[in-house]
C-alpha cells in the first residue's frame, strides 16, 4: 500500500507541479464569468471543466406536512426538490449549507433563514443552535453522505427525502492534467477510476470530505479553508500556480 500524505488547508511543503503547467481540470462546469475560469486564462492554462457525474430526478410525494425546516445540501438538491412543486401544509423555514445553495434557493423565490459556511461540521454546530428539537427535512441525492445530519445527531429530528440520484461517468481515457481540482467525493472517485495519479500532478479539493478520498489512495492534496472560488484562488496563488 502506498504511503498516505495528509491533505492540508495550507500550502504543501513540496511542489507537485512541473514548471510547464499546461492543463487544468475542474470537475464542474464553470460559468463564463467564473473567477477560476478567468484566472486560468490569465495564467495560460488549457482548461477542461466538466462534471464526472450525471443526475436523474427521483419522484416523491409533494404534499409535505409538519416540517419546521427544509435544509439543502446543494444547489442541485434545491432544483430537484422544487421541480416536483412541493406543497406545504405549514410554511417551513429554509436552511442552506452555503452561499451557492442560497443563491439557488433565491432563484426559486425563497429566502434562506439560515446560511452556513459550507463546512459540514461547522454548519451543524451553528444550525443545531437555531433548530434544536425541531423537525428538519433534508432533500438530497440517494448517494448523500448526510454529513450535517450525522454531526447533528439527536439535536434535531431529521427526515431524509431523496429527490435525485447521482451516477459517476468517468472519462473514457486517462487525462494527464497538471492541476486537478475535484469538487466532491463522487467526482474524485470517478476521476481516479479513469486516471491513476502520476508524478508531478497537483491535486486540490474543495474540502476535507473529498480530500479523504484522495488520502486513502496515498495522494497528496490541498484544500482551502472555505469551499468558495475566492478562497480557492487564494490557495492557488499562494502556491504560485
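Roughly what % antiparallel, to the nearest 5, for the DSSP beta bridges in the chain?
Once the DSSP bridges in the chain are tallied, antiparallel ones form about 15 percent.
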Inset, instruction - Evaluate the relative contact order of the chain (contact order divided by residue number), counting alpha-carbon pairs under 8 angstrom at least 6 apart; express in whole percent. - result: 27
Inset, instruction - Counting helices only, and only those DSSP H runs with n ≥ 4, report the 222 nm mean residue ellipticity of the chain as the sum of -39,500 (n - 2.57) divided by its residues, in deg cm²/dmol to the nearest 500. - result: -8500 deg cm²/dmol
Legend entry - Between helix 185-194 and the chain: long-axis angle, C-alpha atoms, 0 to 90°, nearest 10: 40
Inset, instruction - For residue 130 and residue 85, compute 0.36 nm times the residue count separating them, minus their Cα-Cα distance, and round to one decimal in nm. - result: 13.5 nm
Legend entry - Residue of 95, 132, 168 that the Gaussian network model of the chain assigns the largest fluctuation, springs spanning Cα pairs under 10 Å: 132
Inset, instruction - Please find, in a Gaussian network model of the chain (springs between Cα atoms separated by less than 10 Å), the residue of 65, 195, 135 whose mean-square fluctuation is greatest. - result: 65
Inset, instruction - Please arrange 43, 29 by counting, for each residue, the other beta carbons lying within 10 Å of its beta carbon, fewest first. - result: 29, 43
Inset, instruction - Pop the C-beta distance of residue 145 and residue 58 into the FRET formula with R0 = 25 Å and round what comes out to the nearest 0.05. - result: 0.90
Inset, instruction - Could you work out the Kirkwood radius for the chain, taking every pair of different alpha carbons, averaging 1/r and inverting it, reported in Å? - result: 19.0
Inset, instruction - Name the most mobile residue of 159, 204, 148, meaning the one with the largest mean-square fluctuation, in a Gaussian network model of the chain with Cα contacts below 10 Å. - result: 159
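Using Cα pairs closer than 8 Å and at least 6 residues apart in sequence, work out the relative contact order for segment 55-167, in percent.
Working: 223 pairs, mean separation 36.7, N = 113.
The value is 33 percent.
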Inset, instruction - State the percent of C-alpha pairs, over all pairs in segment 55-167, separated by a distance greater than 21 angstrom. - result: 28
Inset, instruction - Just the number, please: percent antiparallel of the DSSP beta bridges in segment 55-167, rounded to the nearest 5. - result: 15
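Bear in mind that the values in this text are calculations on the coordinates, not laboratory data. The structure presented is a predicted model; accordingly, all values stated were derived computationally and were not measured. When we count neighbours, we look across all protein chains shown, and the Cβ atoms used for this are built from the backbone with ideal geometry, even at glycine.
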